[in-house]
Amino acid sequence: MVADLPDNPSAWLFRVAHNKLIGDLRQQTRRRRILEQSAMEVTDTRENASDVFLAGEVSDDQLRMLFVCCDEVIPVESQLVLALKILCGFDVREIALRLFSSEANVYKRLSRARSRLRELPCHLGELTEEQLAARLPAVHRILYLLFTEGYLSAHSAVAIRRELCNEAIRLATILAEHPVGQTPETFALLALMHLHAARMTARQDASGGLLLLEEQDRDRWDRRGIQIGMGWLAKSAQGDRFSRYHAEAGIAAEHCLAASFSETRWDRVVECYSLLEQFAPSALHKLNRAVAVAEWQGPAAGLAMLAGFEPPTWLAGSYLWAAVLSDLHRRSGNVDTAKRYRDAALQSAPSPAVRELLQRRLRLDPSTPIDERAVKSK
């Protein structure tokens, strides 16, 4: 179904995602300078952006504390719990949702991480460059989760928390200025954030409800923000390092560069998801690839991808799994099966905004009433 993966995924990603933008700029004699300035302008957020960091120094207290929380002696999941709770202000429910864990497990990890952190002798100013480098992947993941919660919040009253997205971008930008953080992974993460943030205004209707990608007014997308994201994507493609953030930024770029939903290059999106599964194996990525395959080759092809696949418990109990299966079965004409999965998705939806979105997306017939028992959250 998908062609062999490219020998150089980083170079391939840049070529296919950047191709359309290059075409748009081809008639402009200063096109290269525009792309370079797009990457540089976002980093110029402080009055003295040219300040040189001393070895091991991180300029922002919040970012510095993230590195402290990511001590290698603390298990990775506990690092995330500690940082998201103490530094990012997430509540336990939000953390449990983002980590596909139970609230009880989050409480346990938080307690153990706090206890372990109190035992550590290291002070904020004592982290070496080697320690910062070792903890960088964990910091990337925390910033990714911070942005994700802002982009689609589990908060009951707010569907999108722009302040969290802005904070994640701010911290990632500072990180990209530091010698330790000047890596393709950091640049790809910034590309991903900017490409998503550029579409944020169009993701809600006048009443604040969430809109599907195909419902969004693309004229409201921030073209300058897209250009900045593409500049970071170009920067991330330098060298031979490739990460999940590259693959996800490639997917975001394909959506941003498509003239319409129907004109999206779904074959390229599928290839990016294939790369994502290769570099960061996850059942959730397989589920998302099935969605992209369904847009490319039809819902039956998407269902075929999931045939015989047993999702792990954390995904099987998520609204995402039920929502995708309901949609694919609905589009394939399997009404009874679609209804069963739809009710499960509505019941497990994490917020009223997501539930309303699912009601609109998964409704089998506009004249068919929704089962109110299924709409209520647990």
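The values are calculated or read from the model by the stated rules, or taken from the named source; none is laboratory data. These numbers were taken from a predicted model, which means no experiment stands behind them. As a convention, Cβ positions derive from the backbone with ideal geometry for all residues, glycine included, and neighbour counts pool all protein chains shown.
Structure summary
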{"quantity": "Criterion (surrounded by fewer than 20 Cβ atoms within 10 Å (Cβ to Cβ), in contact with a Lys or Arg (Cβ under 8 Å, 6 or more places away or on another chain) and hydrophobic (A, V, I, L, M, F, W, C)) met by exactly one of A316, A301, A323, A280", "calculated": "A280"}
{"quantity": "From the options L84, L80, residue that is touching a Phe, Trp or Tyr at 6+ places or on another chain (Cβ under 9 Å), within 24 Å of T313 (Cβ to Cβ) and surrounded by 20 or more Cβ atoms within 10 Å (Cβ to Cβ)", "calculated": "L84"}
{"quantity": "Residue count, the stretch 256-285 (criterion: among the hydroxyl-bearing types (S, T, Y) and within 15 Å of the chain's Cα centre (by Cα))", "calculated": "2"}
{"quantity": "Y273 crowded, with 21+ Cβ neighbours inside 10 Å, hydroxyl-bearing (S, T, Y), modelled with pLDDT of 95 or more and under 21 Å from H329 (Cβ atoms)", "calculated": "yes"}
{"quantity": "Helices (runs of 4 or more DSSP H) within the stretch 96-206 that include 2 or more residues at pLDDT below 85 and on the phi < 0 side of the Ramachandran plot", "calculated": "103-119"}
{"quantity": "Residue within the stretch 110-117 that is surrounded by fewer than 20 Cβ atoms within 10 Å (Cβ to Cβ) and within 28 Å of V354 (Cα to Cα) present", "calculated": "yes"}
{"quantity": "Positions within the stretch 321-361 being of a type outside the set (K, R), over 25 Å from the mean Cα position of the chain (by Cα) and under 20 Å from M305 (Cα atoms), in sequence order", "calculated": "H329, S332, G333, N334, V335, T337, A338"}
{"quantity": "In the stretch 250-290, the residues that are out of contact with any Pro (no Cβ under 9 Å at 6 or more places or on another chain), within 21 Å of W232 (Cβ to Cβ) and among the aliphatic types (A, V, I, L, M)", "calculated": "I251, A252, A253, L257, A258, V269, L276, A280"}
{"quantity": "Test for A197: is it in contact with a Phe, Trp or Tyr (Cβ under 9 Å, 6 or more places away or on another chain), buried (at least 22 other Cβ atoms within 10 Å of the Cβ) and among the aliphatic types (A, V, I, L, M)", "calculated": "yes"}
{"quantity": "Residues of the stretch 87-109 that turn out to be under 22 Å from the mean Cα position of the chain (by Cα), of a type outside the set (A, V, I, L, M, F, W, C) and surrounded by 16 or more Cβ atoms within 10 Å (Cβ to Cβ), as a count", "calculated": "3"}
{"quantity": "Residues of the stretch 301-345 satisfying the condition of being aromatic (F, W, Y) and more than 16 Å from L358 (Cα to Cα)", "calculated": "F309, W314"}
{"quantity": "So L325, is it assigned to a helix (DSSP H, G or I), in contact with a Phe, Trp or Tyr (Cβ under 6 Å, 6 or more places away or on another chain), free of Cβ contacts under 8 Å to residues at least 24 places away in the same chain and closer than 20 Å to L362 by Cβ", "calculated": "yes"}
{"quantity": "Filter result for E214 (out of contact with any helix residue (DSSP H, G or I) (no Cβ under 6 Å at 6 or more places or on another chain), surrounded by fewer than 17 Cβ atoms within 10 Å (Cβ to Cβ) and among the charged types (D, E, K, R))", "calculated": "yes"}
{"quantity": "Count of the stretch 70-95 residues which are touching a residue at least 12 places away in the same chain (Cβ under 8 Å) and in a loop (DSSP other than H, G, I, E, B)", "calculated": "8"}
{"quantity": "Selection from the stretch 305-322 of residues that are in a helix (DSSP H, G or I) and not hydrophobic (A, V, I, L, M, F, W, C)", "calculated": "T313, Y319"}
{"quantity": "Sole exception among (1) within 16 Å of the chain's Cα centre (by Cα); (2) surrounded by fewer than 22 Cβ atoms within 10 Å (Cβ to Cβ); (3) not charged (D, E, K, R) for A253, by number", "calculated": "(2)"}
{"quantity": "Among residues of the stretch 239-272, those that are among the charged types (D, E, K, R) and assigned to a helix (DSSP H, G or I), counted", "calculated": "6"}
{"quantity": "Residues of the stretch 178-191 classified as crowded, with 22+ Cβ neighbours inside 10 Å and not aliphatic (A, V, I, L, M), total", "calculated": "3"}
{"quantity": "Qualifying positions in the stretch 306-322 - touching a helix residue (DSSP H, G or I) at 6+ places or on another chain (Cβ under 6 Å) and either in contact (Cβ under 8 Å) with a residue 40 or more places away in the chain or within 25 Å of F242 (Cα to Cα) (or both)", "calculated": "L315"}
